[in-house]
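Undergrad: Before we start, here is the structure in question, set down as structure tokens.
The values are calculated or read from the model by the stated rules, or taken from the named source; none is laboratory data. Not measured: the values here are computed from a predicted model. Cβ: placed from backbone, ideal geometry, glycine included. Neighbour counts: every protein chain shown.
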Amino acid sequence: MIKCLIVDDEQLARRLLRDYLSAFEGFTVVRECESAIQAVQFLSTHEVDLLFLDINMPHLSGMELLRQTPNLPMTILCTAHSEYALESYDLDVVDYLLKPIGLARFTKAITKVLARTNEKPLLTSPPTEDASFFVKSDYKKIKIIPSEIRFIEAMEKYVRIHLRSDKVMTLLSMSAILKKLNPQKFLRIHRSYIINKEAVSAIEGNMLVIDEKKLPISKANKHLIAKFEE
């Protein structure tokens, strides 16, 4: 059962999402919140698998919630504003729904949720294990050998690639760099971190230890812990 939290300051919008969800088996709404602040309070004490989040809300916007709150569940943005779409995907949202939301478009978003839940592959031809690639950094192109990568960290518009003996900053999104890596070796455990499975030295609760640095696993990706037993 996928537990859902609906966050929107408009009652009609919340009701529409609840009605749509009732058409799908395996989904249940555990709470509706009128503000992002209420959502933060609820998430601090309850397990949620899927968050439906409005953007334009008083006091704390949906985008501010995404930027400031670690370990959020899978998130679908539901908004009348299109200008945040690009940034939202760098924050690893599942989908971006523009109001008014039709059932067909909502169904497509739910399909994406199920794809993540079932860990269906997104690449039909994954990269070979050690296929190198180049990234731009400080006006030059630097060759990256995947086996040298320890983990990758999101840094606003940039990513920082932590190598065995160096660090490289490059202007890429997390999703773009993930496509260059072998999905059997590299996992996105959080909207801010991609890790090399072979670099993990320990698991401490919901944290992975790589080179003495502890990296959080988001609630939506807790199932990935099983990957380290393969």
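Undergrad: Considering ALA39, ALA104, ALA23, which residue is farther than 24 Å from LEU224 by Cα and at pLDDT below 90?
TA: Residue meeting the stated conditions: ALA23.
Conditions tested, residue by residue: (1) out of contact with any Lys or Arg (no Cβ under 8 Å at 6 or more places or on another chain); (2) not β-branched (Val, Ile, Thr).
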{"residue": "GLN38", "(1), (2)": "yes, yes"}
{"residue": "SER44", "(1), (2)": "yes, yes"}
{"residue": "ASP49", "(1), (2)": "no, yes"}
{"residue": "THR69", "(1), (2)": "yes, no"}
{"residue": "CYS78", "(1), (2)": "no, yes"}
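Undergrad: Still on this structure, I have one more. Do the conditions hold for LYS185, that is, is it surrounded by 18 or more Cβ atoms within 10 Å (Cβ to Cβ), farther than 16 Å from ASP92 by Cα, touching a residue at least 40 places away in the same chain (Cβ under 8 Å) and not assigned by TED's automatic domain parsing to the domain that holds LEU50?
TA: Yes; evaluated as a whole, the condition is true for this residue.
Undergrad: Only residues that are within 23 Å of GLU156 (Cβ to Cβ) and in contact with a Leu (Cβ under 9 Å, 6 or more places away or on another chain): list them for the range 37-56, please.
TA: Listed by number, the residues that qualify are VAL40, LEU51, LEU53, ILE55.
Undergrad: Confirm whether LEU172 is within 26 Å of ARG67 (Cα to Cα) and assigned to a loop (DSSP other than H, G, I, E, B).
TA: yes
Undergrad: Can you pull out the residues in the range 1-12 that are touching a Pro at 6+ places or on another chain (Cβ under 9 Å) and surrounded by fewer than 19 Cβ atoms within 10 Å (Cβ to Cβ)?
TA: LYS3, ASP9
So that you can scan it fast, the table gives a plain yes or no per residue for (1) in contact with a helix residue (DSSP H, G or I) (Cβ under 8 Å, 6 or more places away or on another chain); (2) within 12 Å of CYS4 (Cβ to Cβ):
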residue	(1), (2)
PHE24	yes, yes
VAL29	yes, yes
GLU32	yes, yes
SER35	no, no
THR45	no, no
LEU50	yes, yes
LEU66	yes, no
ASN71	yes, no
ILE76	yes, yes
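Undergrad: A further question on this structure: Pick out the one residue from LEU187, LEU215 that is in a strand (DSSP E or B), more than 17 Å from PRO70 (Cα to Cα) and modelled with pLDDT of 85 or more.
TA: LEU187
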